[in-house]
Amino acid sequence: MDPSQFSSQPPEAYNSSGKSGMPEVPPPAYQHNPAGYPPAFPNQPVPQGPYTQGPYPGQPAVTVQPAVFVTAAPLANPVPDYLPYSIFTMLCCCLPLGIAALIYSISTRDANNSGQRELAEKNSKTARTLNHVALVIGLVIIVVIIISQIVIRTVR
């Protein structure tokens, strides 16, 4: 190994002033393009006329459809949801049927808010039926308990 090959100086063939063999051409002048406008290409022909679709002749144009958002308005005449009745039957009469009635009551309220009248009517009818059944079961249980307590007290 020759230590002269590993000197800290670059070889004589290296020219720091000429970075490449390409001729030096100044960069193009700055062109200000306002926000939202495409850059201008003066050498390209711009199609004229009311029915031109693409920016360059022969290129296909892509047509983008606008997004459509469908929002449902709440019902003007909402269907009754029986929510307080469902809460009462859940807490005081029959817990399982009261929970089912509460779920249908909330579904009725959601259907009312989303404008689905048929679904709201179906859920409302189911909630009302479950509430009536839960109330009857609760009353029957209460009456049975009262009668059994009276019978137990009179037998003693």
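Read-outs: derived from the displayed coordinates by stated rules, not from any lab. Note that this is a predicted model, so its numbers are computed, not measured. Note: ideal-geometry Cβ built from the backbone for every residue, glycine included; neighbour counts use all protein chains shown.
At a glance:
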{"read-out": "Local electrostatic count, I103, Cβ distance below 12 Å [Lys/Arg +1, Asp/Glu -1]", "value": "-1"}
{"read-out": "Cα→Cβ-extended label distance, 7 Å offset, between V144 and A72, nm", "value": "4.1"}
{"read-out": "Cβ-Cβ FRET estimate between V155 and K122, R0 fixed at 41 Å, reported to 0.05", "value": "0.25"}
{"read-out": "Residues whose placed amide H lies under 5 Å from that of C94, excluding near-sequence neighbours", "value": "none"}
{"read-out": "Whole-Hz couplings from phi, Karplus 6.51/-1.76/1.60, listed for the range 84-97; x for Gly and Pro", "value": "x, 4, 5, 5, 4, 5, 5, 7, 10, 10, 9, 4, x, 5"}
